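Worksheet for the structure shown next.
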Amino acid sequence: MAFNRRTLLAGAAAGAALPLVTPLRHARAQAANTIRIGVMNDQSGLYRDLTGPGSTQCVRLAVQESGITQKGVNVEVVEADHQNRPDVGSTVVRQWLDRDNFDVIVDVPTSSVALAVNTLCRERNKVFLCSGAATSDLTGPACSPNTIHWTYDTWMLARGTGGAMVAAGGRTWFFITADYAFGHALERDVSNFVRNAGGQILGAVRTPFPGTTDFSSFLLQAQQSRAQVIGLANAGGDTINSIKQAAEFGITRRGTRLAGLLVFISDVHALGLPTAQGLVFTETFYWDLNDRTRAFSQRVGRMPNDIRPSMIQAGCYSAVLHYLKAVDAMGGAAAKASGAAAIERMKAMPTSDDCFGEGTIRPDGRKIHPAYLFQVKTPEESRGPWDYYNLLGTIPANEAFRPITEGNCPLVRT
């Protein structure tokens, strides 16, 4: 069965009122055959809709569809809010791993938190399935034998959206960048693509994260640079506010283009098609992409706030489903004994699911699958609720992510 924290606490409270009738050795045997999964993300802040409770719901579906519990392996799922703060995230994960004997940490948007979790899981030989964080350093200098970076990363976003904007004539750029690891990595990777294509970076401004909703002064700085493209190296609520305020100032009416370097379907929904129409961006999952993605979205059911699953939430489902296939292949006890061994088994198995189709996992921990360049529809083009994207092009799996030889991952150095 899958449990959330509230269920576990309620069960503990109910159990406290009953006499202990389960023999201790039976309880220990059960614990030895129980996989504990911690879903950690933003449950209450600006990333809630694109991760949050929806990620936990997708993890539970993966547990259910894996069939692992019918084979004698127990699975517990617990969620926690890291509040987008590395200190909070590290404290929760350290407690999960050291006191509560968790085996897997899943999701973890906010790259600064993910980098901290990456280190903790390596030190304690546990599994980290990262879907939410974007920094490509997780398969570069910070790569780990205990981590798989599943859904997307900053290099992929730069390759997709940055490359498309430059090809369309956007040669001069100014960045509005969230001031933490994710924003820095995204600005770096997009800047490299722009310069390599003969473009120019005219400047950048760093915005506080979290803690600001007013981007007017930053947008005015970007406009004064006379850059052809304003690159939004932010996400979630920050991207929504930036685009809304740019529209209020009429920035795009003067010929400047906005590059939403990380845009999710929940962002488009919040903006509305009249404001979001025409935005070009890159994702690896869209609920209405094909028959398989539509089938998954139907099975996952009603999501919090009635949203459709984001690529991060789909990545949580896909990653946990593949992990449980590895558990089935090697046995629960062996998977619990060594997170690195479980990761190695996952890398040795091809991936397949309704969210991303067929794929592989590289030695550096990078999950490989296609990426898609989308453009937001006009209100007239949309056929109904959540019909938001036109597919502009597909980036093949072998081109969507940074070549393994360029990442400087210590696991693959020769």
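Filter the range 355-372 down to the residues that are among the charged types (D, E, K, R) and more than 17 Å from the chain's Cα centre (by Cα) and list them by number.
Matches in the range 355-372: GLU358, ARG362, ASP364.
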**OP:** Taking PRO385 as meeting all but one of (1) within 21 Å of GLU123 (Cα to Cα); (2) assigned to a loop (DSSP other than H, G, I, E, B), write down the number of the exception.
**Re:** (1)
Subject >> So ALA80, is it assigned to a helix (DSSP H, G or I), touching a strand residue (DSSP E or B) at 6+ places or on another chain (Cβ under 9 Å), under 25 Å from ASP306 (Cβ atoms) and hydrophobic (A, V, I, L, M, F, W, C) >> reply: no
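Results for (1) out of contact with any strand residue (DSSP E or B) (no Cβ under 7 Å at 6 or more places or on another chain); (2) open to solvent by 20 Å² or more (accessible area, probe 1.4 Å), shown as yes or no for each residue.
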site: PHE209; (1), (2): no, yes
site: GLN221; (1), (2): no, yes
site: ARG226; (1), (2): yes, yes
site: VAL229; (1), (2): no, no
site: ALA233; (1), (2): no, no
**OP:** Identify all residues within the range 95-134 that are over 13 Å from GLY38 (Cβ atoms), out of contact with any Ser or Thr (no Cβ under 8 Å at 6 or more places or on another chain) and buried (at least 24 other Cβ atoms within 10 Å of the Cβ); write none if there are none.
**Re:** THR110
Original post:
Only one of these conditions is not met by ILE201: (1) surrounded by 15 or more Cβ atoms within 10 Å (Cβ to Cβ); (2) modelled with pLDDT under 95; (3) not aromatic (Phe, Trp, Tyr). Which number is it?
Top reply: (2)
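Give me a count of the residues in the range 97-120 that are over 29 Å from GLY237 (Cα atoms) and not acidic (Asp, Glu).
Selection size over the range 97-120: 4.
Answer yes or no as to whether THR394 is at pLDDT below 95 and surrounded by fewer than 18 Cβ atoms within 10 Å (Cβ to Cβ).
So THR394 fails the test.
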Subject >> Candidate set: the range 305-346, residues that are charged (D, E, K, R) and touching a residue at least 60 places away in the same chain (Cβ under 8 Å); chosen: the one least open to solvent (accessible area, probe 1.4 Å) >> reply: LYS336
Original post:
Looking only at helices (runs of 4 or more DSSP H) that fall completely inside the range 240-339, which ones have 3 or more residues that are over 14 Å from THR151 (Cβ atoms) and of a type in the set (Lys, Arg)?
Top reply: 291-300
Original post:
Somewhere in the range 135-146, is a residue over 17 Å from PRO410 (Cα atoms) and surrounded by 23 or more Cβ atoms within 10 Å (Cβ to Cβ)?
Top reply: no
Original post:
If you go through the range 244-270, how many residues are more than 26 Å from PHE356 (Cα to Cα) and of a type outside the set (D, E, K, R)?
Top reply: 10
Original post:
All but one of (1) in contact with a Ser or Thr (Cβ under 9 Å, 6 or more places away or on another chain); (2) without any contact (Cβ under 8 Å) to a residue 40 or more places away in the chain; (3) under 26 Å from THR284 (Cβ atoms); (4) surrounded by fewer than 21 Cβ atoms within 10 Å (Cβ to Cβ) hold for VAL194; which doesn't?
Top reply: (4)
**OP:** Looking for whichever is charged (D, E, K, R), touching a strand residue (DSSP E or B) at 6+ places or on another chain (Cβ under 7 Å), farther than 24 Å from CYS58 by Cα and open to solvent by less than 30 Å² (accessible area, probe 1.4 Å) here; the options are LYS377, LYS367. Which one fits?
**Re:** LYS377
Subject >> Residue list for the range 151-193, filter: among the aromatic types (Phe, Trp, Tyr) and either at pLDDT below 95 or touching a His at 6+ places or on another chain (Cβ under 9 Å) (or both) >> reply: TYR180, PHE182, PHE193
**OP:** With the checklist (1) touching a helix residue (DSSP H, G or I) at 6+ places or on another chain (Cβ under 9 Å); (2) on the phi > 0 side of the Ramachandran plot in hand, flag the one item GLY255 doesn't pass.
**Re:** (1)
Original post:
In the list TYR389, TYR372, which residue meets the criterion of being open to solvent by 20 Å² or more (accessible area, probe 1.4 Å) and either in contact (Cβ under 8 Å) with a residue 24 or more places away in the chain or within 27 Å of VAL268 (Cβ to Cβ) (or both)?
Top reply: TYR372
Subject >> Residue among THR91, THR56, THR7 that is modelled with pLDDT of 95 or more, open to solvent by 40 Å² or more (accessible area, probe 1.4 Å), under 30 Å from ILE307 (Cβ atoms) and hydroxyl-bearing (Ser, Thr, Tyr) >> reply: THR91
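The values are calculated or read from the model by the stated rules, or taken from the named source; none is laboratory data. Note that the structure is a prediction, hence the values are computed from the model and not measured. Neighbour counts run over all protein chains shown; Cβ positions are idealised from the backbone, glycine included. To get the accessible areas, we keep the full protein, side chains included, count just its heavy atoms, and leave off ligands, DNA and RNA. Shrake-Rupley method; radii C 1.70, N 1.55, O 1.52, S 1.80 Å.
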